[in-house]
1. Do any residues in the range 152-168 that are more than 23 Å from residue 192 (Cα to Cα) have Cβ atoms under 7 Å from those of residues that are assigned to a helix (DSSP H, G or I), where the two are at least six apart or on different chains, and which pairs are they?
2. Suppose the filter is more than 16 Å from the ligand (Cβ to nearest atom), surrounded by fewer than 21 Cβ atoms within 10 Å (Cβ to Cβ) and within 25 Å of residue 83 (Cα to Cα); does residue 200 pass it?
3. Looking for something free of Cβ contacts under 8 Å to residues at least 60 places away in the same chain and within 13 Å of residue 189 (Cα to Cα) - is there at least one such residue anywhere in the range 81-98?
4. Provide a single number: the residues in the range 186-209 that are more than 10 Å from the chain's Cα centre (by Cα) and not in a helix (DSSP H, G or I).
5. Could you look through the range 210-235, keep only residues that are crowded, with 16+ Cβ neighbours inside 10 Å and in a strand (DSSP E or B), and pick out the one that is farthest from the ligand (Cβ to nearest atom)?
6. Tell me, please, whether a residue that is away from the ligand (no atom under 16 Å from the Cβ) and modelled with pLDDT of 75 or more can be found in the range 34-42.
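The values are calculated or read from the model by the stated rules, or taken from the named source; none is laboratory data. Fair warning: this is a prediction, and the values are worked out from it, not measured in the lab. Glycine gets a Cβ as well: all are built from the backbone with ideal geometry, and neighbour counts include every protein chain shown.
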Ligand SMILES: Nc1ncnc2c1ncn2[C@@H]1O[C@H](COP(=O)(O)OP(=O)(O)OP(=O)(O)O)[C@@H](O)[C@H]1O
């Protein structure tokens with residue numbers, strides 16, 4: 001009988017240490033942003049009577065009117081092909097409105113799509129990290145950050161093109177940490193699509209303490225809930 005209890009207690013303590021290791025790993029994968037330069041409470045976007053057509057028909061039955069303030073967390077929801085990515089492109093200035101206007105202040109933004117296309121396929125892991133090192137931070141600190149995001153020395157020469165979806169996500173998070181300066185806005189387009197549960201947790205944990213604005217297109221209710229989104233646009 002005693003042995004059964006001892007076995008159970010042993011099992012529980014193993015689970016606990018595993019949990020502790022995971023929690024400390026997640027803590028390590030936080031951004032170390034300097035938030036001081038972020039705009040606070042400013043109108044980032046003032047969207048008035050906005051609509052868009054690729055060819056003949058407007059995308060939205062009703063024109064869009066909204067104000068996005070710095071520090072706010074917005075979920076962009078809607079059915080397939082309802083124009084979520086198009087709205088993001090309009091906000092980021094990649095498309096011009098067919099109707100109405102978007103007034104915006106100067107801001108720094110980062111766009112994370114599901115393919116993490118801000119990464120350069122031809123770079124190695126180390127080249128990519130160095131490319132984002134504009135401050136710059138010393139080489140040993142850069143390498144420490146890479147290691148914190150689980151890129152050990154052996155993979156520093158690996159090409160970005162050969163990284164998996166979750167490795168790309170971790171590399172981009174590491175690069176954001178290397179930049180150090182917080183962007184005013186992080187835009188995420190279906191970021192959890194190619195990630196397993198553990199990596200969704202890593203992404204969530206990295207974004208939870210971020211003080212700037214978030215715009216997130218996602219069908220993943222759990223992810224949106226964990227990010228504590230305050231507002232939503234339904235297209
Ligand atoms: N470059 C383009 N030229 C013509 N039509 C386009 C173009 N890009 C998107 N569309 C069309 O515009 C509509 C909205 O597309 P968009 O990608 O913005 O929707 P979405 O809500 O992000 O879609 P999903 O949830 O399926 O990813 C779709 O019908 C799409 O086919």
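1. Final answer for the pair search is 155/125; 156/125; 156/126; 156/146; 157/126; 158/125.
2. When the stated conditions are applied, residue 200 passes them.
3. Yes; the residues of the range 81-98 include at least one that is free of Cβ contacts under 8 Å to residues at least 60 places away in the same chain and within 13 Å of residue 189 (Cα to Cα).
4. Total satisfying the criteria: 5.
5. Ranking the candidates gives 213 first.
6. Within the range 34-42 (the criterion being away from the ligand (no atom under 16 Å from the Cβ) and modelled with pLDDT of 75 or more), the answer is yes, since at least one residue qualifies.
This table checks each residue for (1) away from the ligand (no atom under 13 Å from the Cβ); (2) closer than 29 Å to residue 225 by Cβ.
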| residue | (1), (2) |
| --- | --- |
| 57 | no, no |
| 61 | yes, yes |
| 66 | yes, yes |
| 72 | yes, yes |
| 77 | no, yes |
| 91 | no, yes |
| 103 | yes, no |
| 108 | yes, yes |
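Yes/no matrix, rows are residues, columns are (1) out of contact with any strand residue (DSSP E or B) (no Cβ under 6 Å at 6 or more places or on another chain); (2) closer than 17 Å to residue 50 by Cβ; (3) part of a loop (DSSP other than H, G, I, E, B):
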{"site": "74", "(1), (2), (3)": "no, yes, no"}
{"site": "87", "(1), (2), (3)": "yes, yes, no"}
{"site": "93", "(1), (2), (3)": "yes, yes, yes"}
{"site": "112", "(1), (2), (3)": "no, no, no"}
